[in-house]
Amino acid sequence: MKYRYCYICGTETVSKKIDGRKRSYCESCGIPLYENPIPSVAVVLTEPDQRILLVRRSVEPGIGEWCLPGGFIEIGETPSQAAVRELKEEIGIEIEPPQLLSVGSHLNGYYGDVLIIGFSADINPDDPLVPGDDVSEAVFFPVNERPRMIFRVHEEFVELWQRRNE
């Protein structure tokens, strides 16, 4: 059980089978405390030669590993707005609103279940890339010569992008 105490009233919760699953339940409020995935975004950024931009993570999970740029959606923003903001924060670039690519998920021991909304967007390779706090470097790779990425769902987004652009 994720919630030991009710996030509404603070009462200690009990475990109760609801909708076929054991869930935290607040007897005082009479409600189950659902555990939902954390929403995030990832962007397949490509330049005119069809190279893709990958970033090397400087934070957990996966310090030193490659992935697509992206991050968590903040309260009050749409997934598209989150993608634009994350690219500004992670690599210092501004893009037009990206195109929806797909939706996937990633279960990890660090954040739990993460819902990832994949986008694609074009980038000008002449724009200077300035890695932010979460990124140690940003590099363009030919799509078929890219390093392995830490998150399988990011690989799936790139593979889908490839199929759509063949």
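The values are calculated or read from the model by the stated rules, or taken from the named source; none is laboratory data. Quantities reported herein were computed from a predicted structural model and do not represent experimental measurements. Heads up, the Cβs are rebuilt from the backbone with ideal geometry, glycines too, and the neighbour counts pull from every protein chain shown.
Checking the stated criteria, residue 98 turns out not to satisfy the condition of being modelled with pLDDT under 95, in contact with a helix residue (DSSP H, G or I) (Cβ under 7 Å, 6 or more places away or on another chain), closer than 22 Å to residue 49 by Cβ and surrounded by 13 or more Cβ atoms within 10 Å (Cβ to Cβ). Number of residues in the stretch 86-112 that are touching an Asp or Glu at 6+ places or on another chain (Cβ under 8 Å) and touching a residue at least 60 places away in the same chain (Cβ under 8 Å) equals 2. Summed over the stretch 108-140, residues that are in a strand (DSSP E or B) and at pLDDT below 90 total 3. With the requirement that a residue be within 30 Å of residue 21 (Cβ to Cβ) and touching a strand residue (DSSP E or B) at 6+ places or on another chain (Cβ under 6 Å), what does the stretch 35-55 give you? 37, 38, 39, 40, 41, 42, listed by residue number. Filtered by the rule that a residue be farther than 7 Å from residue 41 by Cα and of a type outside the set (A, V, I, L, M, F, W, C), the stretch 70-88 gives 74, 76, 77, 78, 80, 81, 85, 86, 88. Only residues that are loosely packed, with under 14 Cβ neighbours inside 10 Å and either modelled with pLDDT of 95 or more or among the polar types (S, T, N, Q) (or both): list them for the stretch 31-62, please. Passing the criteria: 36, 50.
Of the numbered criteria (1) in contact with a Gly (Cβ under 8 Å, 6 or more places away or on another chain); (2) surrounded by 14 or more Cβ atoms within 10 Å (Cβ to Cβ); (3) more than 16 Å from residue 51 (Cα to Cα), the one residue 129 fails is (3). Residue count for the stretch 132-159 satisfying the condition of being surrounded by 14 or more Cβ atoms within 10 Å (Cβ to Cβ) and either charged (D, E, K, R) or not assigned by TED's automatic domain parsing to the domain that holds residue 63 (or both): 4.
With respect to residue 18, determine if the residue is outside the structural domain of residue 94 (by TED's automatic domain parsing) and either in contact with a Gly (Cβ under 8 Å, 6 or more places away or on another chain) or not small (Gly, Ala, Ser) (or both). In short, yes.
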